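Some notes on the structure that comes next.
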Amino acid sequence: MSATTATSVQRQACAPGVAKPFHDAAQQADAAALGMWLFLASEILFFGVLFFVYALARAHLPEAFAAASRQTSFVLGTANTAVLLTSSFTMAAAVRAAQLRRHGAAALLLLITAALGVAFSGIKLTEYALDYRHHLVPLLDFAFDPRLARGALAFFWLYFTTTGLHLVHLTIGIGLALTFAWREWRRRTPRLHEQVENVGLYWHFVDLVWIFLYPCLYLVSRA
Amino acid sequence: MSRPPAAPPPPLRHYVWTWLALLLLLALTAASAWVPMGAFNLAVNLAIALGKALLVAFMYMHVRRGTPMIRVFALAGLMWLALLATLSLTDFAVRLG
């Protein structure tokens with residue numbers, strides 16, 4: 001037994017980037033992916049509750065939600081969805097480049113992904129400014145058709161909570177993309193592609209949240 | 001190594017086609033929202049959102065490539081959410097219905 005322990009310790013010492021509790025690189029990679037999926041499962045619950053509240057409020061206040069949704073910017077919201085879907089494509093391509101050890105391409109694609117994230121944030125903040133001008137921000141100077149004001153207020157509370165939390169997540173994603181663009185460029189981190197895979201999973205999850213937010217906030221009643 | 005090395009990543013064109021499909025679905029859902037279909041507008045929007053989500057999960061997040069344990073973890077979040085939502089809905093249905 002002590003002999004096998006000694007060999008496995010030796011092997012651990014030889015394999016670059018394999019931390020102590022793990023037998024080998026494959027086990028470590030599985031554990032890292034599992035940890036990210038556990039985090040994403042908790043994120044599903046986090047955002048899921050907000051979607052549940054939305055569904056309940058909309059079922060009880062359908063007319064107000066329809067009227068309030070028409071006040072959001074269809075053009076900016078749709079354009080932003082296209083930007084985010086494109087960023088998911090560049091992120092998937094970045095992960096692929098990292099897996100193929102094409103460090104320069106991975107760095108460039110991560111940089112493009114971060115830039116698309118910044119573009120999304122810029123469009124979103126522009127929308128917030130327009131919302132403010134149209135008196136749609138709760139607690140500031142919210143004003144709406146008095147018949148529907150209560151439900152519209154509920155809609156815009158949910159609108160700012162969900163898009164705000166999404167924006168926080170996206171900002172963290174931009175930070176991660178830039179950090180790993182730098183690391184891919186430097187090529188000094190061992191087993192870097194596994195970390196980039198996890199950054200990709202996080203980015204795609206943030207995209208998934210927006211995929212459901214888009215119809216819920218922008219497309220309630222356009223026809 | 002206790003297992004064979006990871007499979008090579010899929011060709012780039014798979015990702016390009018997925019991206020184009022996502023943009024096509026976005027165009028469909030955006031356009032359909034302007035067609036008056038009553039309750040079907042909501043159904044179409046949700047169905048397209050689900051289709052986009054499945055494309056991202058399977059093509060970009062590779063849920064099928066994950067170990068069985070990863071699949072269990074990914075489904076666990078959805079399962080707990082379904083459980084919480086169902087229990088909360090029974091409460092609301094009884095009190096507000």
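The values are calculated or read from the model by the stated rules, or taken from the named source; none is laboratory data. Predicted model only: the values in this text are computed from it and were never measured. Ideal geometry is used to build each Cβ from the backbone, glycine not excepted, and the neighbour counts take in all protein chains shown.
The residue that is modelled with the highest pLDDT, counting only those in the range B:19-39 that are farther than 21 Å from A:Val75 by Cβ and assigned to a loop (DSSP other than H, G, I, E, B), is B:Met37. The condition (being within 13 Å of the chain's Cα centre (by Cα) and at the interface with chain A (Cβ under 7 Å from one of its Cβ atoms)) is satisfied by just one residue among B:Ala53, B:Ala33, B:Ala47: B:Ala53. Just one of the numbered conditions (1) surrounded by fewer than 12 Cβ atoms within 10 Å (Cβ to Cβ); (2) at the interface with chain A (Cβ under 9 Å from one of its Cβ atoms); (3) within 15 Å of the chain's Cα centre (by Cα) is not true of B:Leu75: (1). Taking the criterion of being touching a residue at least 12 places away in the same chain (Cβ under 8 Å) and small (Gly, Ala, Ser), the residues of the range B:35-56 that qualify are B:Ala49, B:Gly51. Residues that are buried (at least 18 other Cβ atoms within 10 Å of the Cβ) and farther than 14 Å from A:Arg70 by Cα within the range A:142-160 comprise A:Ala154, A:Leu158, listed in sequence order. Considering the range A:122-148, the residues that are without any contact (Cβ under 8 Å) to a residue 40 or more places away in the chain and of a type in the set (A, V, I, L, M, F, W, C) include one that is nearest to A:Val199 (Cα to Cα), namely A:Leu125. Of all the numbered requirements in (1) surrounded by 12 or more Cβ atoms within 10 Å (Cβ to Cβ); (2) part of a helix (DSSP H, G or I); (3) more than 9 Å from every other protein chain (Cβ to nearest Cβ); (4) not acidic (Asp, Glu), B:Arg65 misses one, and that requirement is (2). Modelled with pLDDT under 95, surrounded by 18 or more Cβ atoms within 10 Å (Cβ to Cβ) and not hydroxyl-bearing (Ser, Thr, Tyr): does that describe A:Leu136? Considered against the rule, which asks whether it is modelled with pLDDT under 95, surrounded by 18 or more Cβ atoms within 10 Å (Cβ to Cβ) and not hydroxyl-bearing (Ser, Thr, Tyr), A:Leu136 comes out as yes. The residues of the range A:166-208 that are in contact with an Asp or Glu (Cβ under 8 Å, 6 or more places away or on another chain) and either within 11 Å of chain B (Cβ to nearest Cβ) or outside any helix (DSSP H, G or I) (or both) amount to a single one, A:Phe205.
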